[in-house]
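One structure is given below, encoded as structure tokens.
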Amino acid sequence: VLNNAKIILESVDGNPIDMRALASNYTLFEGAGTLETRGDGDFMMYHNSAAPYWTITMSHDDGGEIIWNHKGKTIFSGRGRWLMGSDNILPYGAHNGPVVLYNTTNPTDPTTIDLNGKTVTVNGLLKDGNNATNAGRNSITNSSETVATLRLNVASDTNLNEVLTANFAPDAVSRINVQKIGVGALTVDWNGLPAVHRFEVAEGMLVAKNT
């Protein structure tokens, strides 16, 4: 998106915004313009390839801007690694839904979010799929040696298992912090905290129960 131009992707009548890519590494997006989503549906990015595991870099390092104004979920699906190229590149806030990793068919190359040493804020990060086995293959990782921070924006009282169900890659948990922000109270099972480098409470309240 060049020369301060703007692309608007709009969901109408609850229908999803559906972006698909085939067999390539690419960046969403490049250039000093603006990409904006609108509407009341989900935003879906599906990457499909029978070949190697491709990388989709989420970035606005060229001075551009992504404005997430769709009200539904943001769904990443297919054989691919979504690499965070900028801090807070994913949607969060009062008008956005959670981010969902959705896997249907790929047992060896699941859908992965790579925090890449960045600070990434979401309303929730969930796993899903056409069955529990495929859903469980999706993962959160961090390929950088820099510790990444996943911030959970908790705006109203909820349980951890309602806002964070995606799996953390075992080889990356020592380089991932989880931080709770937002005014809502977050209730967790003391024995069910994610085994990450550090779990922090920066805003609001954490209620830990020993069940």
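The values are calculated or read from the model by the stated rules, or taken from the named source; none is laboratory data. What you see is a predicted model, and the numbers here were worked out from it, not measured in a lab. Here the Cβ positions follow ideal geometry from the backbone for every residue, glycine too, while neighbour counts run over all protein chains shown. Just so you know, the surface numbers come from the protein's heavy atoms only, side chains and all, with ligands and any DNA or RNA stripped out. Shrake-Rupley method; radii C 1.70, N 1.55, O 1.52, S 1.80 Å.
Residue check, Thr108 against (1) at pLDDT 95 or above; (2) open to solvent by 60 Å² or more (accessible area, probe 1.4 Å), all met but one. Which one?
The number of the failed condition is (1).
Answer yes if at least one residue in segment 129-149 is at pLDDT 95 or above, under 29 Å from Arg38 (Cβ atoms) and in contact with a Lys or Arg (Cβ under 7 Å, 6 or more places away or on another chain), and no otherwise.
no
Select, from Ser144, Ser156, the only residue that is without any contact (Cβ under 8 Å) to a residue 40 or more places away in the chain and more than 19 Å from Leu206 (Cβ to Cβ).
Being without any contact (Cβ under 8 Å) to a residue 40 or more places away in the chain and more than 19 Å from Leu206 (Cβ to Cβ) holds for just one of Ser144, Ser156, which is Ser144.
Hey, could you check segment 1-36 for residues that are outside any strand (DSSP E or B) and of a type in the set (Asp, Glu) and say which is surrounded by the most Cβ atoms within 10 Å (Cβ to Cβ)?
Ranking the qualifying residues of segment 1-36, first place goes to Glu30.
Please determine whether any residue of segment 185-201 is among the aromatic types (Phe, Trp, Tyr) and over 20 Å from Met84 (Cα atoms).
yes
Have a look at Leu101, Leu28 and point out the one that is modelled with pLDDT of 85 or more and within 19 Å of the chain's Cα centre (by Cα).
Step by step, each of Leu101, Leu28 is checked, and only Leu101 is modelled with pLDDT of 85 or more and within 19 Å of the chain's Cα centre (by Cα).
If I filter segment 142-192 down to residues being part of a loop (DSSP other than H, G, I, E, B), more than 17 Å from Pro98 (Cα to Cα) and touching a helix residue (DSSP H, G or I) at 6+ places or on another chain (Cβ under 8 Å), which single residue comes out as least open to solvent (accessible area, probe 1.4 Å)?
Applying the filter and picking the extreme gives Asn142.
In this structure, is Val178 under 19 Å from Ser77 (Cα atoms) and of a type in the set (Val, Ile, Thr)?
no
Against the condition surrounded by 14 or more Cβ atoms within 10 Å (Cβ to Cβ), in contact (Cβ under 8 Å) with a residue 12 or more places away in the chain and hydroxyl-bearing (Ser, Thr, Tyr), how does Ser139 come out, does it pass?
So Ser139 passes the test.
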